[in-house]
Amino acid sequence: AHHPQHTCSHFWEQFSVWLGACFLVHLDSMALAHELNPSDNKGNLSEESSGSPFGEIIRDYQPLPGTIWRFGKPNYARVNKTYFQHRSKIHQEGSLEAVVSKIVKNWEVESHHIHEIHQWQTMDITKFKAAVNGGCPCNAQYMADVGPYNMLLGETKDYSGAGHSFATSNQVFSSTFPEGFAFECLEVFSPPPNVLFKWRHFGPYTGTFTDKTGKQYKGNGEMFNLIGMCLAKVNEKLVIESLDIYYNPEDMIKPLVTNVDPTFRPIGSDETDDGSKGMACSQGGAGCSVM
């Protein structure tokens, strides 16, 4: 007799094996922008970036031959330290959560640090689309052009995705979280082909956030936490076809202008713009690439 449970188990076993060769979903703990060296733009990631010095491989991305790193080869040593010190879950090796966590970190390496989408391995670029809170889906090239931060945050009261380039958005959040902005998978609710999981982004707010008017806010040093959900659809080869991400962008930005060092006096303009305007790709026009 055919047992669905056995089929699901076999599918996940294939998924875990495939992980060693390539990867899956989301916006992860970024390598810090100010630590990147543009002249060092080729080659594999370091052992430090893999997590090996902490006794656990959490990132095993292998770029294709000839791959050029967008801003220089990323180094995840500092954000790995934040991850291991402050993660809330330690998942059993081989569990759905452990596998998805590694896949997400590999996806982040690619989406943040490789500009040429034809060198991407974690996504099927002919089909890939990503949407936030049910908004307009964006394709691979659009995400590569504007960057994951701008695509995911869009227009909020204190941050404008349209007002930032890929590079400047990375600089903003590297300055905000100088000890790294780490990612962990909290729980997986369904296996491939439709992988639904809950995630957490976190990091000590020890840096300075600059809002869309140029006003600066010094963090109070406390742990910043952001919770969300993601549904990742993969094909029969377990390559991502779509990402549907659900969270409140204001939960990302509002704490950065409220949880501040009381001794720090914000500098810059007091100009504000009330209300959230939705995701970056929901604005339509030529900037919104819909698949």
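Numbers for the structure displayed
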| item | result |
| --- | --- |
| Filter result for the condition that a residue is more than 29 Å from residue 241 (Cα to Cα) and not acidic (Asp, Glu), over 210, 126, 122 | 210 |
| Number of positions in the stretch 111-138 that are of a type in the set (Asp, Glu) and outside any loop (DSSP other than H, G, I, E, B) | 0 |
| Selection within the stretch 62-71 - open to solvent by less than 10 Å² (accessible area, probe 1.4 Å) and either of a type in the set (A, V, I, L, M, F, W, C) or at pLDDT below 95 (or both) | 69 |
| Search result, residues across the stretch 99-119 that are hydrophobic (A, V, I, L, M, F, W, C) and modelled with pLDDT under 95 | 99, 100, 103, 104, 107, 109 |
| Filter result for residue 71 (hydrophobic (A, V, I, L, M, F, W, C), outside any helix (DSSP H, G or I), within 18 Å of residue 181 (Cβ to Cβ) and touching a residue at least 12 places away in the same chain (Cβ under 8 Å)) | yes |
| Residue in the stretch 34-54 that is open to solvent by 30 Å² or more (accessible area, probe 1.4 Å), at pLDDT 95 or above and within 22 Å of residue 200 (Cβ to Cβ) present | yes |
| Qualifying residue in the stretch 139-148 (condition: within 16 Å of residue 244 (Cα to Cα), assigned to a loop (DSSP other than H, G, I, E, B) and among the hydrophobic types (A, V, I, L, M, F, W, C)) | no |
| Residue 101 touching a helix residue (DSSP H, G or I) at 6+ places or on another chain (Cβ under 6 Å), surrounded by 19 or more Cβ atoms within 10 Å (Cβ to Cβ) and not hydrophobic (A, V, I, L, M, F, W, C) | no |
| Failed item, numbered, when residue 96 is tested on (1) open to solvent by 10 Å² or more (accessible area, probe 1.4 Å); (2) modelled with pLDDT of 95 or more | (2) |
| Of all residues making up the stretch 153-171, the number that are surrounded by fewer than 21 Cβ atoms within 10 Å (Cβ to Cβ) and either touching a strand residue (DSSP E or B) at 6+ places or on another chain (Cβ under 7 Å) or assigned to a helix (DSSP H, G or I) (or both) | 6 |
| Residue, surrounded by the most Cβ atoms within 10 Å (Cβ to Cβ), within the stretch 179-199, restricted to residues that are part of a strand (DSSP E or B) and of a type in the set (Gly, Ala, Ser) | 182 |
| Checking residue 189 against (1) more than 17 Å from the chain's Cα centre (by Cα); (2) without any contact (Cβ under 8 Å) to a residue 24 or more places away in the chain; (3) farther than 17 Å from residue 246 by Cβ, the condition it does not meet | (3) |
| Enumeration of residues in the stretch 196-224 that are of a type outside the set (D, E, K, R) and more than 24 Å from residue 49 (Cβ to Cβ) | 196, 208, 209, 210, 213, 214, 216, 217, 219, 220, 221 |
| Residue count, the stretch 104-121 (criterion: without any contact (Cβ under 8 Å) to a residue 60 or more places away in the chain and either within 26 Å of residue 188 (Cα to Cα) or open to solvent by 10 Å² or more (accessible area, probe 1.4 Å) (or both)) | 6 |
| Residue tally, condition more than 15 Å from the chain's Cα centre (by Cα), among the small types (Gly, Ala, Ser) and farther than 28 Å from residue 217 by Cβ, over the stretch 128-174 | 1 |
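The values are calculated or read from the model by the stated rules, or taken from the named source; none is laboratory data. Keep in mind that what you see is a predicted model, and the values were worked out from it rather than measured. Virtual Cβ from ideal backbone geometry, glycine too; neighbours counted across all protein chains shown. The accessibility values were calculated without ligands, DNA or RNA, using every heavy atom of the protein model including side chains. Shrake-Rupley method; radii C 1.70, N 1.55, O 1.52, S 1.80 Å.
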